[in-house]
Amino acid sequence: MNSNGDEDAKSLFLKGIEYERDGNHYDATKCYRRAFKMDPDIEDKITDEDVAALRQTESSDESDSEEDYDSQEDLYVRLQRVIEPQICFPEHSQQATHFSALPTELVLYVFRWVVSSDLDLRSLEMCATVCRGWYLCARDPELWRRACSKIWNKLNIDDLAAVDGSWRKMFIERPHVLTIGCYICKISYMRQGEESFQDLSYGPSLNVVYYRYLRFFSDGRVIMMLSSSEPGKIVQRLKSKALAPHDVCLGYYQLSDNQLLLKLDSKVTKAEQNNKQRHRLENVQRKTTYYMTLEILKHKSKHNHKLTWKEYEIVHRNRINKLMTTKYDLSSNRFPPFLYSRVKSYTTESDNVL
């Protein structure tokens, strides 16, 4: 073999060593095979000086990259500058087509399905921890801009302004409701029971506990339910409007800065039967409307995890079809705040893309 062939085989073998040190065993194996085809004895011809020169080149490259690194530079901007065009690489060789073969446009479309119309941005943040390429895709401004426009859909998209130029920061910090869980309000109070007819000195006290649930959807709809059952038995039934129990209240919500305005309707068909000889079975349909104003606050440094009562009013018709309005005093402890609880089952599947 001529000297040019020896040099080519040596450079391929050294390139394989470099790939192997970087953990890219697939490309390292390809370089080794090509080098052995050129010269079966190439491994014996690699000297210690060649390996030392390779190490010196790598160390100089690392020092140059350290000099280019700015600790104050945003990670997203830095990765855009240093990352290769391909998003990611397979860790192990495989015959099937790897995810890295997809163009960036398709990867972003897959991530739009990850977020879905339910705005599961938590799953998107988990995708960002896979590798540098996925981090860049998960921080793509267009994904977060779509999420912001979905939440604040009542506003003109031109009126939406990113916080410090970041749609992600706007979505995290600007007050809004979270849609991949439930806001739960636990109400408990003491109630005096009936005295015993045998012992008038015995007066039982009962501890009454019940829950008020609010489940928000990204399309502006909301479900409210009152139940004495623990959250573990109820939240799954509020996964979608179709699966919700018949006794829930359905309505809409609207954002106004850090205020949340809700209007919910409850229609109950009640069968009343009094003396069968004098009255027949009648269906009396009554409608009750709930008006609520809540304030969106932080809870233990977590944005939008707490809702406090500002106003609460109920409008209903009585038995003689007269419109009645009841406005509650919210100063008592009968109206504790709602606290957000994430529900894993809400994100197991996606129905619509973001």
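Structure summary
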| item | result |
| --- | --- |
| Hey, residue 90 more than 49 Å from the chain's Cα centre (by Cα), over 30 Å from residue 169 (Cα atoms), part of a loop (DSSP other than H, G, I, E, B) and at pLDDT 65 or above or not | no |
| Checklist (1) touching a Leu at 6+ places or on another chain (Cβ under 8 Å); (2) modelled with pLDDT of 85 or more; (3) not aliphatic (A, V, I, L, M) applied to residue 173, failing item | (1) |
| Restricting segment 93-108 to residues that are surrounded by 14 or more Cβ atoms within 10 Å (Cβ to Cβ) and modelled with pLDDT of 85 or more, the residue that is nearest to residue 27 (Cα to Cα) | 107 |
| Number of the exception - residue 135 against (1) assigned to a loop (DSSP other than H, G, I, E, B); (2) surrounded by 13 or more Cβ atoms within 10 Å (Cβ to Cβ) | (1) |
| Enumerated strands (runs of 3 or more DSSP E) restricted to segment 281-354, each holding at least 1 residues that are among the hydrophobic types (A, V, I, L, M, F, W, C) and closer than 22 Å to residue 230 by Cα | 302-317, 338-342 |
| Close pairs (9 angstrom Cβ cut-off, 6 or more residues apart or separate chains): under 16 Å from residue 125 (Cα atoms) in segment 338-352, of a type in the set (S, T, N, Q) and not in a helix (DSSP H, G or I) anywhere | 347/116 |
| Any hit, segment 47-66, residues being of a type in the set (D, E, K, R), out of contact with any Cys (no Cβ under 8 Å at 6 or more places or on another chain) and at pLDDT 70 or above | yes |
| Residue count for segment 215-241, restricted to those that are without any contact (Cβ under 8 Å) to a residue 24 or more places away in the chain and of a type in the set (Asp, Glu) | 1 |
| Cβ pairs under 9 Å, 6+ apart, first in segment 7-25 and under 15 Å from residue 39 (Cα atoms), second outside any helix (DSSP H, G or I) | 8/39; 9/1; 9/39; 10/39; 10/46; 13/39; 13/46; 14/46 |
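The values are calculated or read from the model by the stated rules, or taken from the named source; none is laboratory data. From a predicted model like this one, the values you see are computed outputs, not experimental measurements. With ideal geometry, Cβ positions are generated from the backbone for all residues, glycine too; neighbour counts draw on all protein chains shown.
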